Amino acid sequence: MSIPRFERTPLRLAALISGRGRALENLIQRSEAGTLNARVVLVMAPSTRTPGLQVAEKRGIPIRIVSAGDYAPLIVEEQIARFSDAVFAACQQAQVDLLVLAGFVGRIRVPPSFAYRVISTHPALTPAFSDPHLFGLQVYEAVVAYGVKITGCTVHFVDDHPHLGPVIFQQPVEVREHDTVTSLEARVFALECDLLPEAINLLAANRLVADGRRVRILPPPGAS
């Protein structure tokens, strides 16, 4: 299966969030500034109490509440399947080109129609610290506790494992001797704020191709 070719820009983005919406805010600001060749047309969250929804409300971006908890009587895998069906149905309805997991905590099952059309970030250099149950600050806690000297940020396509889809970008971040979870998170998140929009711009320009698990970046048109 290959990375789809996008025929229209700016890309229509949906963002799935779980927390404060900082990554969402970054994407919206870059879109408004004209440095992101995409615009957010839908924001999804598991609860009306999700703080990041305020970011969407301020801009009048449509919101959809979709929660795996709505399917709690079912076994976990069936919950994930039903939740995923609801997410991608909303994406189809909004004519979304790309779904961004912008600080989303949880698992999602990507249907064939959205293969290579879902991207996320992970606050470590995958496959390191990529336990499927580790998200957000838990990853930084694991990094600091383990005592590694280098961590970083990964931008990747999403498949059925929340963190181990094909890698688009990875950049390292030094773990300093006196780092705390808070200080390390600040530096990694700053890197994420650059790498995630860059990956979206490459997709919008149709400059990413997949060779198995390897993702290659094509030169810009006209480059020698």
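The values are calculated or read from the model by the stated rules, or taken from the named source; none is laboratory data. Since the model is a prediction, treat every value here as computed from it, not as a measurement. Note that each Cβ is placed from the backbone with ideal geometry, even for glycine, and that neighbours are counted across all protein chains shown. Remember, those area values only see protein heavy atoms, side chains included, never the ligands or the DNA or RNA. Shrake-Rupley method; radii C 1.70, N 1.55, O 1.52, S 1.80 Å.
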| query | Per the 1.4 Å probe, what fraction of the accessible area of segment 106-224, in percent, lies on carbon and sulfur atoms? | reply | 56 percent
| remark: For Leu13, the net charge from surrounding residues (Cβ-Cβ under 12 Å; K, R +1; D, E -1) works out to +3
| task | Quick one: pull the percent of accessible area on segment 5-90 belonging to carbon and sulfur, 1.4 Å probe, ligands and nucleic acids left out. | result | 48 percent
| query | Counting only heavy atoms of protein chains, what accessible area per residue, in Å², does the chain have with a probe of 1.4 Å? | reply | 50 Å²
| note | Between Gln171 and residues 5 or more places away or on another chain, the pairs with built amide H atoms under 5 Å apart involve Cys153
| remark: Sequence order, segment 119-133: Karplus ³J(HN,Hα) from phi using 6.51 cos²θ - 1.76 cosθ + 1.60, θ = phi - 60°, Hz rounded, Gly and Pro as x, gives 10, 8, 10, 9, x, 6, 8, 4, x, 5, 6, 10, 3, x, 9
| said: Treating only the Cβ of Lys, Arg, Asp and Glu as charged (+1, +1, -1, -1), what charge dipole size does segment 77-224 show about its Cα centre? Round to the nearest 20 debye. | reply: 360 debye
| query | Once amide H atoms are built 1.01 Å from N in the peptide plane, which residues 5 or more positions from Leu164, or in another chain, come under 5 Å H to H? | reply | Asp159
| query | Cβ under 15 Å from Leu42's Cβ, Leu42 left aside: what net charge do those residues give with Lys, Arg +1 and Asp, Glu -1? | reply | +3
| said: Give me, ordered by chain and number, the residues 5 or more places off Val40 or on other chains with an amide H under 5 Å from its own placed amide H. | reply: Leu13
| note | Gln171 neighbourhood, Cβ < 10 Å, K/R = +1, D/E = -1, net charge -2
| message | Among 202-213, 14-25, 41-52, how do they line up by average Cβ neighbours within 10 Å per residue, starting with the highest? | response | 14-25, 41-52, 202-213
| message | Please report, ordered by residue number, every helix of the chain (full DSSP H runs) that is 27 Å or longer along its axis going by C-alpha atoms and whose mean Kyte-Doolittle hydropathy reaches -0.5. | response | 181-204
